[in-house]
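Data block below; observations after.
The values are calculated or read from the model by the stated rules, or taken from the named source; none is laboratory data. As the structure is a computational prediction, the values presented were derived from the model and not from experiment. Using ideal geometry, Cβ is built from the backbone for each residue, glycine included, and neighbour counts are taken over all protein chains shown.
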Amino acid sequence: MQLGIRLHDIKKAPLEERLAIAHEQGFACGHLALAKVISEYPVDDGALTPGYAMYLKKIFAENQLDVAVLGCYLNLANPNPASLAKNTHRYLAHIRFASLLGAGVVGTETGAVNEEYRFEERNHSEEALKIFINNLRPVVLCGKNGRDRCDRAGVQAYCLQSEAGEKGA
């Protein structure tokens, strides 16, 4: 078994330094949420190139780490069609990039049925679950075609919850 760490939970520092810290602490893999961890390089969709993936794989390998999870935390239940389309595009870019990085999983949360990505009771409704499932379909299909996975984390405030309140997992 390999133990890993969410790299955004390590002291804020350049990526190379965070990776060294993770290795020194005995971790073998990391959860990389690009926008939460990397500030010294661009991480927009256009930056997610094969060359960038090769560079990241190299600096992970230099620290004897693998990328276990590529995190992407955007609202897949956003009611604004333009915002939802942008979020979906970002997920698809992450799935393709995860494949290049060797990460078998793109991690996500489930979203909220409002643009502010905040808790409201409606997030726990059957309607919210249907919205999320419908909006997740293109992401799952992209991952399925590329043989990657998109896993989600249940969060109490969003459409799917963890623990005893979990629905539709």
Q.
Please pick out the residue among Lys86, Lys36 that is crowded, with 16+ Cβ neighbours inside 10 Å and of a type in the set (D, E, K, R).
A. Lys36
Q | Residue among Leu32, Leu101, Leu70 that is aliphatic (A, V, I, L, M), touching a helix residue (DSSP H, G or I) at 6+ places or on another chain (Cβ under 7 Å) and closer than 28 Å to Lys130 by Cβ | A | Leu70
Q. So is Gln64 at positive phi and not β-branched (Val, Ile, Thr) or not?
A. yes
**Q.** Subset of the range 6-33 that is hydrophobic (A, V, I, L, M, F, W, C) and within 14 Å of the chain's Cα centre (by Cα) - its residue that is surrounded by the fewest Cβ atoms within 10 Å (Cβ to Cβ)
**A.** Ala33
**Q.** Qualifying positions in the range 55-70 - crowded, with 16+ Cβ neighbours inside 10 Å and within 11 Å of Leu101 (Cα to Cα)
**A.** Leu56, Lys57, Phe60, Asp66, Val67, Ala68, Val69, Leu70
Q) Does the range 83-93 contain any residue that is of a type in the set (Lys, Arg), at pLDDT below 95 and within 17 Å of Val139 (Cα to Cα)? A) no
